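First comes the structure, then the notes that go with it.
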Amino acid sequence: YFALQVIYARRKYKISPPETKGHPEFERIFRAQANCSEYFPIFVSLLWVAGIFFHQSVAAVCGLLYLYTRFKYFQGYAVAAQERLGPMYASARLLWLLLGLAVVGLLAHFLLP
């Protein structure tokens, strides 16, 4: 979804790849997509470990909430840079929660008989 939005913005503002500068709205959309892509490996890793070692349902709910907050982050950033802050903090809290669940699950798995 995010990559498609960058493609649409490139067409709308006539910015050919590999250019990343141009209309401010394009730059915000491009940066929002890049930010989401940068955090995706961290999210998938934490989701995977929390799901295996803690609980699948809890991890799945956290994962869905994280994806929703990143979607809201993208939408907010596309409008104005300040609009991204609330969803960014929410997604960060969910990553920390997934990290905590993963650590608790790993500790329970390896330390408890």
(request) Consider only pairs whose beta carbons are under 6 Å apart and that are at least six residues apart or on different chains; among these, list those whose first residue lies in the range 22-33 and is without any contact (Cβ under 8 Å) to a residue 24 or more places away in the chain and whose second residue is outside any helix (DSSP H, G or I) and open to solvent by less than 70 Å² (accessible area, probe 1.4 Å). (result) GLY22/ILE15; PHE26/ILE15
(message) Among (1) in contact with a His (Cβ under 8 Å, 6 or more places away or on another chain); (2) loosely packed, with under 12 Cβ neighbours inside 10 Å; (3) not hydrophobic (A, V, I, L, M, F, W, C), there is one condition TYR13 misses while meeting the rest; what is its number?
(response) (2)
(request) May I ask you to list the residues in the range 1-20 that are of a type in the set (Lys, Arg) and over 15 Å from GLN33 (Cβ atoms)? (result) LYS14
(request) Those residues that are of a type outside the set (D, E, K, R) and more than 15 Å from SER45 (Cβ to Cβ), I need them from the range 92-109; list them, please. (result) ALA92, VAL104, LEU107, ALA108, HIS109
(request) Can you work out which of the residues in the range 68-100 that are aromatic (Phe, Trp, Tyr) and more than 18 Å from SER57 (Cα to Cα) is most open to solvent (accessible area, probe 1.4 Å)? (result) TYR89
(message) Out of the helices (runs of 4 or more DSSP H) lying entirely within the range 1-79, which hold 2 or more residues that are in contact with a Phe, Trp or Tyr (Cβ under 7 Å, 6 or more places away or on another chain) and over 21 Å from LEU94 (Cα atoms)?
(response) 2-13, 24-53
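The values are calculated or read from the model by the stated rules, or taken from the named source; none is laboratory data. Values in this document were obtained by computation on a predicted structure and should not be read as measured data. Every residue, glycine as well, gets a Cβ built from its backbone with ideal geometry; the counts of neighbours run over all protein chains shown. Just so you know, the surface numbers come from the protein's heavy atoms only, side chains and all, with ligands and any DNA or RNA stripped out. Shrake-Rupley method; radii C 1.70, N 1.55, O 1.52, S 1.80 Å.
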